[in-house]
1. Would you point out which residue out of Phe401, Phe378, Phe393 is in contact with a strand residue (DSSP E or B) (Cβ under 8 Å, 6 or more places away or on another chain), of a type in the set (Phe, Trp, Tyr) and closer than 22 Å to Ser305 by Cα?
2. Consider Val604 carefully, then state whether it is in contact with a His (Cβ under 9 Å, 6 or more places away or on another chain) and not small (Gly, Ala, Ser).
3. The conditions are (1) modelled with pLDDT of 90 or more; (2) closer than 22 Å to Ala275 by Cβ; (3) among the aliphatic types (A, V, I, L, M), and Leu582 fails exactly one of them. Which is it?
4. Quickly run through segment 80-97 and pick out the residues that are touching a Leu at 6+ places or on another chain (Cβ under 6 Å) and under 16 Å from Phe378 (Cα atoms).
5. Being open to solvent by less than 30 Å² (accessible area, probe 1.4 Å) and among the β-branched types (Val, Ile, Thr) is the filter here, so list the residues in segment 413-439 that pass it.
6. Do you know which of the residues in segment 276-304 that are outside any loop (DSSP other than H, G, I, E, B) and of a type in the set (A, V, I, L, M, F, W, C) is surrounded by the fewest Cβ atoms within 10 Å (Cβ to Cβ)?
7. Would you pick out the residues in segment 507-521 that are within 13 Å of Tyr179 (Cβ to Cβ) and among the hydroxyl-bearing types (Ser, Thr, Tyr)?
8. Read through the list (1) β-branched (Val, Ile, Thr); (2) under 32 Å from the mean Cα position of the chain (by Cα); (3) modelled with pLDDT under 90, then give the number of the only condition that Ile203 fails.
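The values are calculated or read from the model by the stated rules, or taken from the named source; none is laboratory data. In this text, all values refer to a predicted model and were calculated from it rather than measured experimentally. As a convention, Cβ positions derive from the backbone with ideal geometry for all residues, glycine included, and neighbour counts pool all protein chains shown. In case anyone asks, the SASA skips ligands and DNA or RNA and just uses the protein heavy atoms, side chains included. Shrake-Rupley method; radii C 1.70, N 1.55, O 1.52, S 1.80 Å.
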Amino acid sequence: MANTNFEELVKPLDDSRSKYIGTYQQRYAKHRTRIYHDFYLRIFHAMLIHSLKVSSDPQLAQSVAGVLVESSASENKIMGLSPDRKFPLAEFAPHQNLSFAWNPIGSGIMWNQHNFPVFLLPNESVQPLQEMAWKNEKNLNGHPSYVAEFDMVMQTTKIETRNSASCLKEQSCLPLGGYSVWSALPPISAPSFDPPKSILLVIASMDSASFFRDLSLGADSPMSGLIALLAAVDALSHVNDLSELRKQALMKHVTFYSGCETESDWALVFLFFAAFTGEAWGYLGSRRFLFELDMGTDSVKNLKSEMIEQVLEIGSVGKGIHQGATTFFAHSDKDTSSTKEILDALQKASVSLGSDDVKVKKADTSNPGVPPSSLMPFLRKNYSIAAVALEDFDTSFTNKFYHSHLDNALNINSSSIAAAAILVARALYILGSDDQTLNLMVLNSIKVNVSLVEELVGCFLTCEVDLSCGIVKHFISPSNVCPSHYVGVFVDSPSETQHPLNADDTSRFVWNFLADRTSSPLRIPSSCKSGCGNSSDICVGAETENSRCVTSTTRYVPAYSTRLKFEANSWHILPVNASDPLGSLDPVWTESYWKSIGLRVYSVQSSTYDNLVLLSGIGITVATYITTVAARTLLLKALKHD
C-alpha cells in the first residue's frame, strides 16, 4: 500500500466534536473511511443549510464515519445558515410563548447528538480533497484510491465518564466558563463619591457559539454589541462633567445607606457597564453575576441587585443600515414608567443626532417580549426591573448566520455599530440627567470615535488584523492570533477572580479598556512597575511596557454554573436550589480533556493490485513449499545411496 501523507494539508480549522457533555456526550475513536463526493463522507455545505439528515436516520448514521465541510463555497452560495434553534435558549424566557421564531432559519443541529466527527476544512485543502473524492467516485471497481483517517479520543470516553457529574468527579473534564467584566463610571471607589444608590446598567455579551467550536466569531451576534458598548464608554469618557450627573428619583432603598427613608432625593447616578461571557451556554455570565450579587462576594463588593434600577442591553447592532437608513429597535417585556424613560432617552438621543438620521423604533407589540438576550435572567429574577434591549431587528433576526461560523466581519457594517454606540452614549447621558440639568451643549458634543470602532472590528473578527492590533497590544499581550469567542473552560480557582491567570484575551482586553476609560480624571496616572500604593488603584496594561496605576472600579466576575462548587481542588455539582427559578434549567456544561485531534488522508492501491499481490504471495509460498519438499527428497536419496 502506498502511503501518501496529506496530514498537514488537511489539518482542520476545527471540528464539531462539541465536547460539552452536560446533557449528552459524543464518542469518537479512530475511524478510517474512503473519501466520496457523496453523502457518506462528503466535502459539502448543504448539510449545514438543512437539518443534518444523518442525525435522524439511524441506518444512514451507521454508514457515516465522518464529514468534511467546505469553508470557501459556503460564504458565496449560502443565503442563510443558523445551526441554533428557532428560539435560542427559550427555556430561560420570562414569558410563556416559547414557540416564537426569533431565528426562523434555525435548524438546531448544533444541539443534536452526532456520533461522528465533522471537520471544517481550510480553504487551501478543499480543492485537493475534492479531486481525491472525484477519483474515488470514478473508480468503477468500488475500491477507493484515497481514504481518510480521523483520530480524536476524548478523555471522558476513554475512562467511561458519560455525564458532567461523573467526569467532574473523575477529573476528566472542566466546566465551561471564563470571566465577565464590569466597571463603574465614575469609579465608586473615588473618595469624593458616596456609594451608589441608583444604577443604570448597560450590558453586552462577549462570547458566541457555532457548529465549529474555534470559529465562534459572532460578528453581529453578539460582538457588534460589545464593540458598540466599548465605543460608547470611550465617548462618555471625554465628557468633562459626567461625574456631576444627578436626577430626581424615588429612592426605595435609602434606608440601606442612611437609616432614614424619604419620598424622593437627589442621588448620584452611576453608569455601570458589564460584558458577560458564557451567555451562549445558558447565560452563565449574567446568571453568575446575579448570584455573586446575592452572595455579596468580593467580585461585586458593595453592590446589591436592588440598586439596579434600569438595564439596557446592546445586542445585535451590526446590521442596522437598510437602504441608506439606520434603524434600531427597542425591545422590552412590559411598559412601565422606568422602561418608558429608557425608550424616551433613546428617542431624544436619536433626535439630537439630527442629519445623521439614526432612528429608534419600539419593537412590534406582537412580539412575546424581549428576544433571546442577557436580559432574560434579570427579568426571571426580578420581573419588575426596567429592561430594554437595543437590536437591529424587529420581529425576527436580521442576522441570517446566527451562531454560525459565517457570522464574520463580512456580515456586519461598522457604520451601523458606530451609530448604535453614539445613540447609546447620548441616551445614557440623558438618563443620568433630568430635564432641568440636561446640558444640550454637552449632549451634542458627545461623539463616537469611528476609527476605534473600525479597529475593534478588525481586532475581534479577522485574522488579517487579529488580536495583535495596536489597541489590543496597548493593553495586553495576546496569547492567540486569530480571534475566537468561544467561552472556553474555567481553569482557575474561583477565589482568584480578581487576578485570574487564565482569563482569555477578550476578557483581559475588555477589563483593561474599561479600567482605562472609566478611570478618575482627578489624578495623573503613574507607573505601576513597583505596585500601586492606593488601595482604590488598579494597574492597567500590566502585561505591557505601558503599565500605569489608575483609580477605577473595574473588576472580573467569574462566569460558570451556579450549580457548581469548587472544593478540595475539584468541582462538585450542587443540588438544584429551589429558590433559583433557573437552577433546574442548568445542565452544567463541561468540556472533556482530549489529546490532539488528527485527520490524515492517504492513497491506497486498487483491489486488483492487492489481489495480484495476494496471488503472487500464495504462488511463491506454494512454489517454495514444493521446492523444499523436492530438495529434501533428493537429499535423503543421496544420503541413502552413500
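1. None of the others qualify; the one that does is Phe378.
2. yes
3. (1)
4. Across segment 80-97, the qualifying residues are Ala90, Glu91, Pro94.
5. Ile417, Ile422, Val424, Ile430
6. The residue in question is Met295.
7. Of the residues in segment 507-521, the ones within 13 Å of Tyr179 (Cβ to Cβ) are 507-512, 514.
If the condition is that a residue be within 13 Å of Tyr179 (Cβ to Cβ) and among the hydroxyl-bearing types (Ser, Thr, Tyr), then Ser507 is the only one that fits.
8. Going through (1) β-branched (Val, Ile, Thr); (2) under 32 Å from the mean Cα position of the chain (by Cα); (3) modelled with pLDDT under 90 one by one, Ile203 breaks only (3).
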